[in-house]
1. Considering only region 150-169, state which residues are of a type in the set (Gly, Ala, Ser) and surrounded by fewer than 14 Cβ atoms within 10 Å (Cβ to Cβ).
2. Can we say GLU233 is assigned to a helix (DSSP H, G or I) and without any contact (Cβ under 8 Å) to a residue 60 or more places away in the chain?
3. Please identify the pairs in which a residue from region 173-197 that is in the same structural domain as THR159 (by TED's automatic domain parsing) has its Cβ atom under 9 Å from the Cβ atom of a residue that is part of a helix (DSSP H, G or I) and among the basic types (Lys, Arg), counting only partners at least 6 apart or on another chain.
4. So if I check each of ALA148, ALA144, ALA138, which one is in the same structural domain as SER177 (by TED's automatic domain parsing), assigned to a loop (DSSP other than H, G, I, E, B) and modelled with pLDDT of 55 or more?
5. Taking the residues in region 166-225 that are among the hydroxyl-bearing types (Ser, Thr, Tyr) and part of a loop (DSSP other than H, G, I, E, B) as candidates, determine which candidate is farthest from VAL154 (Cα to Cα).
6. Name the residue that is surrounded by the fewest Cβ atoms within 10 Å (Cβ to Cβ), counting only residues in region 1-55 that are in a loop (DSSP other than H, G, I, E, B) and within 48 Å of the chain's Cα centre (by Cα).
Amino acid sequence: MNTSVSSTLRLIGAGLRALLALTVICGVIYPLAVTGIAQALFNDKANGSEIKDKNGRVVGSSLIGQTYNLPKNTASDSTTGNDADEAARPDLKWFQPRPSNGLGTNSVNTQYSLILSGATNRSADNGAVGGQCTKAAAEGTLCAQVIAAKDAVVADNSTADFKVKPEDVPADAVTSSGSGLDPHISPAYAELQVHRVAEQNKLDVKQVEKLVEDHTEGRTLGFMGEPRVNVLELNTALKALTGR
């Protein structure tokens, strides 16, 4: 009996020592080592890839897209006397990102909510008539969303001395990304917005073109992915340029 109790106590002691050692190694030393290495070698990424304005204020993350909309206004409906929420409209002073309705319209995920993300899961010909997307596409289909988005891009970005042609609208201007939170747009979409941004901010077109050029990133390692422009970084630089 004494031998059995002694063996049991030794096993319990060994288990407790192993628990303590593993807790210290895995729960204290390892996290501190990883955190220290990350902060020393990858400080920016470890802290969320934050983007700061010229005053040092964090304005967002370079990994997450944002919307640039005018605030909603509650206005009284003159015909009914009821208050009606005005639909959110793009603030045309800023470069606009890709559409963010990857999950469609619902009460949980609206415009870059961080609760959920995802794609439409609709096929490219969803709503197509005769194999083509036309204005006859049923409401709520992908074709109808793309056509409406293209019309809006043409209307919003056409200025007195620059008219956007429908065929010049790039795909990323009218479709959301797989996550719905993509912070990047193509250089073609950024360049399409240059004249409108210049006009809205009373800037020279050349100034805005230079801004886009300076914030255009090439392919990763020279061969992976496509050239891209981070909209938040671009708009942060635009804000500094305008002094707003």
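1. Matches in region 150-169: ALA155, ALA160.
2. When the stated conditions are applied, GLU233 does not pass them.
3. Matching pairs, first to second residue: ALA173/LYS150; VAL174/LYS150.
4. ALA138
5. Checking each candidate, the answer is SER179.
6. Checking each candidate, the answer is ASN55.
The values are calculated or read from the model by the stated rules, or taken from the named source; none is laboratory data. Quick caveat: nothing in here was measured; it's all calculated off a predicted structure. Every residue, glycine among them, receives a Cβ derived from its backbone with ideal geometry; neighbour counts consider all protein chains shown.
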